[in-house]
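Structure first, commentary second.
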Amino acid sequence: MGSESWFVVLPDLVGAGRALRRLRGGAVLVAHRSGRPWVVGSGTPVSREDGVVVIGGGGGAEVAVRLGAGVLAVPVDGAAGGDRVRAGSCHLSASVDGGVRVRGTASGLRRVFHARVDGVDLACDRADVLAAAASAPVDEAVLAALLLGDRLPHPLTDLTPWRGVTAVPAGSELELRSDGGTRTRRWWTPPEPVLGIEDGAAGLRRALEEAVGLRGDAVTAGPGGIGAAVLGLLADRRGALTPTDAAPGGAATRATDLPAPPPCAPPPCAPPGPLPRLHGTGADEVVGAPVEYLHDLARHDPRAAWQHLAAHRARHRWAVGDVLRGFADRRDYRAWLLDQAHALHDDAVPPLGWGAPPRLPPWVSVEAAAGVAALLRAHADVEPLAPRRGQHSHLQRVRAVAASFLAAGGGEAPFLDDRVLEACLAVRAEQRGAPWGRAPLLVAAVPEVAFAPEEASADHTGENENDDGNHDDENDVLDASPLTALGIVDADVVRAHLAVPEPRWATALAHTLAVARWRPGGALGGGPPRPRDPPPAVN
């Protein structure tokens, strides 16, 4: 199962402990009141407080007391107190009257996976751990669908490349019931976008200051991008920013009112060990608005929609006819998803649908493409993430960048905290997505960032310092990949496209090589890795 951290949540049932023999290398971290195992995994054993524990993640919570490395126990009255654990980013589990609930975050940065192992339903933060415990076979259709990369549509994002292992939808929780069954319940809904940019900016600033403050009294900031610059400014203002050689251009400097440390001395207030590093990942996706907001805006303010459209057309080079067809499109999400099953190789990418239409590259086999189309049809009877196209696409993008960040190694990403996401979603999309300047909401929230020196942005997948140096020969990667062994891709066609100096399918090639490095034995984050450099955000 590797050396990376993981945890599994067990129901409070007689015989549930028999699944422990399948979880090699794990220890009981928390027990139910009955004495049966509750949380098992890598970490430090802790005590149970009133039936609620918060597991791992960044920041913690205002009501939390740290009891061990990576594990928190929350002294609140009953499971209802878990609703107060909203700040920061963490997994939460509650055990009450024999029932157990476990949830991640609305942003998708903390996910929960589910599988049945030896007749016992288990929840886990990593799909590969459950797959190993259940000896789950590879799902070839899902593996092929992952070649869609960041265009993988909802709800296929809740599937894993192992049969019998599924993800609990972000914003929902899994209940392991006292009768031995399971149930999924939605605990989060996006706020209504009713605020103007001024009121919204004030709320976003408060949320970001809280997110930075929760990471401790000494932090470092990752290099590059407007998100990292904002986090560095806020940390510096509270005197928490510590210099680091990894931050180029002197971006990470301590607040000027702090005394300079003596030569060779550790920074003031710095705890032993590595400091939390604040990544700007998700800034563009969270604070902006995808272009699909134009479809919604045209319904209630056509004049404003046409004004915004002129700038977007100049940026994306949309044809007038495509835009008019996009505005006239009245399909619900189910109809749109079914249509995508018939257009996986279509060159047309019409704007203003329910998100970026999924398109497979030409090296995917006919059989694998048919499997992806069948998946789309089988999962088409689903509600969108939000009733409006812009809000649905916004949440889809946020969850895609969260998945990419986890695949790149994870870390502290305050922009993906739920409270930060909610502060942005509460602002009207046409103000967040106004095309006449970058990140207008973020600049309004933290005006100082407008004067910060610009650096090359790598916010989307963790500033690339998570790069593990894996530069294997592409031929070896393709030859050893399950994608080739299972006949999902034609490796020769991939090589031919790689040989082109500026390949048309450059993004798809990056996705394919990332998935090709995956092996069924497991991958960090619970599934095949995502490419480290996805296309830049629209806004």
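The values are calculated or read from the model by the stated rules, or taken from the named source; none is laboratory data. Computed from a predicted model, the values in this text were never measured in an experiment. For neighbour counting, all protein chains shown are included, and Cβ atoms are generated from backbone atoms with ideal geometry for every residue, glycine included. Ligands, DNA and RNA are excluded from the accessible area calculation, which covers all protein heavy atoms including side chains. Shrake-Rupley method; radii C 1.70, N 1.55, O 1.52, S 1.80 Å.
Values as computed for the structure displayed
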item	result
Subset of the stretch 21-43 (residues that are open to solvent by 10 Å² or more (accessible area, probe 1.4 Å) and either closer than 24 Å to CYS90 by Cβ or touching a helix residue (DSSP H, G or I) at 6+ places or on another chain (Cβ under 7 Å) (or both))	ARG22, GLY25, GLY26, ALA27, VAL28, ALA31, ARG33, ARG36, PRO37, SER42, GLY43
Subset tally (residues that are more than 20 Å from ARG388 (Cα to Cα), aliphatic (A, V, I, L, M) and either in contact with a strand residue (DSSP E or B) (Cβ under 9 Å, 6 or more places away or on another chain) or part of a helix (DSSP H, G or I) (or both)) for the stretch 316-330	1
Residue list for the stretch 142-179, restricted to those being in a loop (DSSP other than H, G, I, E, B) and either over 22 Å from ALA16 (Cβ atoms) or open to solvent by less than 30 Å² (accessible area, probe 1.4 Å) (or both)	LEU152, PRO153, HIS154, PRO155, THR160, PRO161, ARG163, VAL165, VAL168, PRO169, ALA170, GLY171
Enumeration of residues in the stretch 353-373 that are assigned to a loop (DSSP other than H, G, I, E, B), surrounded by 18 or more Cβ atoms within 10 Å (Cβ to Cβ) and not aliphatic (A, V, I, L, M)	GLY353, TRP354, GLY355, PRO357, PRO358, ARG359, PRO361, TRP363
Candidates THR281, THR244, THR256 - the one that is among the β-branched types (Val, Ile, Thr), modelled with pLDDT of 60 or more and surrounded by fewer than 22 Cβ atoms within 10 Å (Cβ to Cβ)	THR244
Residue in the stretch 110-118 that is open to solvent by less than 20 Å² (accessible area, probe 1.4 Å), in a loop (DSSP other than H, G, I, E, B) and in contact with a strand residue (DSSP E or B) (Cβ under 6 Å, 6 or more places away or on another chain) present	yes
Top-ranked residue in the stretch 85-109 [being part of a loop (DSSP other than H, G, I, E, B) and over 14 Å from the mean Cα position of the chain (by Cα); ranked as surrounded by the most Cβ atoms within 10 Å (Cβ to Cβ)]	GLY88
Any hit, the stretch 429-436, residues being over 25 Å from ARG517 (Cα atoms) and free of Cβ contacts under 8 Å to residues at least 12 places away in the same chain	no
Failed criterion for VAL138 (all others in (1) open to solvent by 10 Å² or more (accessible area, probe 1.4 Å); (2) closer than 30 Å to ALA335 by Cα; (3) out of contact with any Pro (no Cβ under 9 Å at 6 or more places or on another chain) hold)	(3)
Pick from the stretch 308-358, criterion out of contact with any helix residue (DSSP H, G or I) (no Cβ under 8 Å at 6 or more places or on another chain) and of a type in the set (Lys, Arg), ranking: farthest from TRP436 (Cα to Cα)	ARG334
Entirely in the stretch 474-539, the helices (runs of 4 or more DSSP H) that have 1 or more residues that are buried (at least 20 other Cβ atoms within 10 Å of the Cβ) and modelled with pLDDT under 90	none
Residue under evaluation ARG313, criteria (1) assigned to a helix (DSSP H, G or I); (2) modelled with pLDDT of 90 or more, criterion not met	(2)
The stretch 183-227 - residue that is within 20 Å of the chain's Cα centre (by Cα), of a type in the set (Val, Ile, Thr) and outside any strand (DSSP E or B) and, of those, surrounded by the most Cβ atoms within 10 Å (Cβ to Cβ)	VAL212
Residue match in the stretch 343-352 (condition: outside any helix (DSSP H, G or I) and either over 29 Å from the mean Cα position of the chain (by Cα) or touching a residue at least 60 places away in the same chain (Cβ under 8 Å) (or both))	yes
